[in-house]
Amino acid sequence: MSGVGKALCTPLLEWYDDVRRDLPWRTNPTPYRVWVSEIMLQQTRVEAVRGYFTRWMDTLPTIRALAEAEESVYLKLWEGLGYYSRVRNLHKAAVLVCDAYGGALPADYDRLLALPGIGDYTAGAIASIAFGLPVPAVDGNVLRVSARLNDDFTSISEPKFKKETRSLFCECMPADRPGDFNQALMELGATVCLPNGAPLCEGCPVQHLCIGFHRGHAALLPIRAPKKARRLERRTVLLPRYGELVGLSRRPDSGLLAGLWELPSLDGSLSPDAVRTTLASRGWQTGKLLSLRPAKHIFTHVEWHMTGYYVELSAPPDELTFVTPAALRTDYALPSAFRAFLSVIEEDA
Ligand code: SF4
């Protein structure tokens, strides 16, 4: 990587000052607000995060409030954002911060990095944006910008490439505005130096420095390792009703969607007769069984293709927890994978 150097700073920061988006976490960027926003923004679009962030801060305005919150409260606030281990780690880290640092995040990159759920990118973002420390924050956007600026055909998935990008941006980071510099690079990647071969080079503030652009390679970069194909799983999801109540179960404590509430499900895509037989063998007393519209949900490594059934029960099986549709909406965090099957009871809530 040859490096575009310090010449990058001035045009990048001038551009950022002009066009930066007005985002709720940029107002009053305390360490806690930066931390929560960065965790929410992993794998999620900025527009989707706005509402979540505001609701979160209204309910859990401090690290101590998060540390003392019930699991059901923070899971509900996270409902729909996916990757629930992120919110569990937020809570675990908040408890640690209260125990070890009196409820305030430490102004130290290595100590931030040691907290659950905080990787080098998030530690860099908190350190630079909230504490003004000169530490890079290299996410996927920044790796893409770096590959194009330097016309570098190394795979951005390689640790070596990330390491070189960190040291390049560390060298040219302005001492007085490290947080803005990092945010400007992320903003450039998110709004101008777009992914999938579609950079908007004509509006780019650093086009004159961009080697990839001048060599005509911008749309070919970055190079990444081919993704592994997702595993496909077929599941039969049940919407059990006992009177007006809905039956839920808990997922196992490890693996996908660990420990969360779910609609009970069976392996494979089963016919109505096979569902009746399986449920009878488990002691469920079923009445009407109606097919629901099939649904699909994509996780990072697995894709669920789901067949659904509305199951009326004449007695509540012990293995399920029964709740009202209204409580399901307000008090139980149900992963989005199951949402498609709830439309038939939405008017009951
Ligand atoms: Fe990205 Fe194009 Fe700007 Fe280069 S000139 S940094 S490829 S948007």
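The values are calculated or read from the model by the stated rules, or taken from the named source; none is laboratory data. Everything quoted here is computed from the prediction, not taken from an experiment. Every residue, glycine as well, gets a Cβ built from its backbone with ideal geometry; the counts of neighbours run over all protein chains shown.
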- Note on the structure: T165 vs (1) within 12 Å of the ligand (Cβ to nearest atom); (2) under 28 Å from R26 (Cα atoms); (3) touching a Leu at 6+ places or on another chain (Cβ under 7 Å): all pass except (1)
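Confirm whether N182 is within 16 Å of the ligand (Cβ to nearest atom), modelled with pLDDT of 95 or more, polar (S, T, N, Q) and over 17 Å from I211 (Cα atoms).
Taking the combined requirement at face value, the residue satisfies it.
Considering A130, A137, A147, which residue is on the phi < 0 side of the Ramachandran plot, at pLDDT 95 or above and near the ligand (Cβ under 10 Å from one of its atoms)?
The conditions single out A147.
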- The condition from (1) within 13 Å of the ligand (Cβ to nearest atom); (2) closer than 30 Å to L256 by Cβ; (3) not aliphatic (A, V, I, L, M) that E158 misses is numbered (1)
- Among residues of the range 314-337, those that are under 28 Å from S281 (Cα atoms) and out of contact with any Asp or Glu (no Cβ under 6 Å at 6 or more places or on another chain), counted: 15
- Message: Which count do you get for residues in the range 260-300 that are charged (D, E, K, R) and either under 25 Å from L232 (Cβ atoms) or within 35 Å of the chain's Cα centre (by Cα) (or both)?
- Response: 5
- Considering D18, D58, which residue is at pLDDT 95 or above, surrounded by fewer than 15 Cβ atoms within 10 Å (Cβ to Cβ), farther than 30 Å from V73 by Cα and among the charged types (D, E, K, R)? D18
- Of the numbered conditions (1) assigned by TED's automatic domain parsing to the domain that holds T10; (2) within 25 Å of the chain's Cα centre (by Cα); (3) of a type in the set (A, V, I, L, M, F, W, C), C204 fails exactly one; give the number of that condition. (2)
- Task: Go through (1) among the small types (G, A, S); (2) farther than 30 Å from L221 by Cβ; (3) not in a helix (DSSP H, G or I) and name the single condition A137 misses.
- Result: (2)
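Tell me the residue from P174, P178 that is in contact (Cβ under 8 Å) with a residue 60 or more places away in the chain and not polar (S, T, N, Q), please.
Of the residues listed, the single one that is in contact (Cβ under 8 Å) with a residue 60 or more places away in the chain and not polar (S, T, N, Q) is P174.
Residue-by-condition table, conditions (1) assigned to a loop (DSSP other than H, G, I, E, B); (2) hydrophobic (A, V, I, L, M, F, W, C); (3) at pLDDT 90 or above; (4) touching a helix residue (DSSP H, G or I) at 6+ places or on another chain (Cβ under 9 Å):
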| residue | (1), (2), (3), (4) |
| --- | --- |
| K296 | no, no, yes, yes |
| W304 | no, yes, yes, yes |
| Y309 | no, no, yes, yes |
| P316 | yes, no, yes, no |
| A326 | no, yes, yes, yes |
| L334 | yes, yes, yes, yes |
| A337 | no, yes, yes, no |
| S343 | no, no, no, no |
| E346 | no, no, no, yes |
- Item | Qualifying residue in the range 143-153 (condition: in a helix (DSSP H, G or I), assigned by TED's automatic domain parsing to the domain that holds T30 and over 16 Å from L221 (Cα atoms)) | no
- Query: Which members of the range 250-281 meet the condition of being at pLDDT 95 or above, part of a loop (DSSP other than H, G, I, E, B) and not small (G, A, S)?
  - Reply: L263, P264, L270
- Hey, can you tell me all the residues within the range 158-196 that are among the hydroxyl-bearing types (S, T, Y) and either more than 25 Å from the chain's Cα centre (by Cα) or over 15 Å from A147 (Cβ atoms) (or both)? S167, T191
- Name the helices (runs of 4 or more DSSP H) wholly within the range 1-83 that hold at least 3 residues that are in the same structural domain as P159 (by TED's automatic domain parsing) and among the aromatic types (F, W, Y)? 46-59
- V302 buried (at least 16 other Cβ atoms within 10 Å of the Cβ), of a type in the set (V, I, T) and touching a Leu at 6+ places or on another chain (Cβ under 8 Å): no
- Residue hits (the range 198-245; more than 30 Å from V19 (Cα to Cα), crowded, with 20+ Cβ neighbours inside 10 Å and in contact with a Gly (Cβ under 6 Å, 6 or more places away or on another chain)) are V237, P240
- Message: I'm checking my understanding of the structure. Among residues of the range 187-231 that are without any contact (Cβ under 8 Å) to a residue 40 or more places away in the chain and polar (S, T, N, Q), which one is nearest to the ligand (Cβ to nearest atom)?
- Response: Q207
